[in-house]
Amino acid sequence: MGRLRIAAFSFALTLLAVMVSSSAADESIVTIQKIENGTITFVKRNTEAGAKGKGKGKGGAKGGAGTMTLPVASDVQVTTATHTRRTGAFHVGTPVGGGLKNSTVRKLEPGAMARIVTDGKQVIELNIVFDDEDGTTVVAVPPKPAPKK
């Protein structure tokens, strides 16, 4: 009976460790500063409810933290994305052919909006917000909602 309890306890600890390690991925909405030499430099946007930015680009990206630089995984997934400003909904689109080597991604201007997923050490997924379906025009600032009548 004692061996059974020890086995059940060790199984529970192993299961807990697997669950904790699998949930270590962190995702953030960011403003890309530059992508070069296998690294991405960005500023996190503060997207929590009630977060107040400094407005008009003063002091970074809408209340975000300081600039961060992380290495990019060799098998990073690069996709297009859309972001609805009014609801905050973020939708991942289609994969970008060529990934970081794509000419549109290489020519990103500072201020492009994206969502990154990291494993704590490196970027494993990059979703760049584009304003068209073919993924050639990058959105630096999300469009404002339509005026109410």
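Just so it is clear, none of the values below were taken in a lab; they were calculated from the coordinates. Note that the structure is predicted; figures quoted are calculated from it, not measured. So basically every Cβ, Gly included, is an ideal-geometry build from the backbone, and we count neighbours across all protein chains shown.
Things worth noting here:
- ARG106, ARG115 arranged by Cβ crowding within 10 Å, fewest neighbours leading: ARG106, ARG115
- Exposure proxy ranking, count of Cβ atoms within 10 Å, fewest first, for PHE130, PHE42: PHE130, PHE42
- Distances between placed amide hydrogens fall under 5 Å for VAL96 paired with VAL78, THR79, THR80, all partners being 5 or more residues away or on another chain.
- Sorting SER28, SER103 from the fewest to the most surrounding beta carbons within 10 angstrom yields SER103, SER28.
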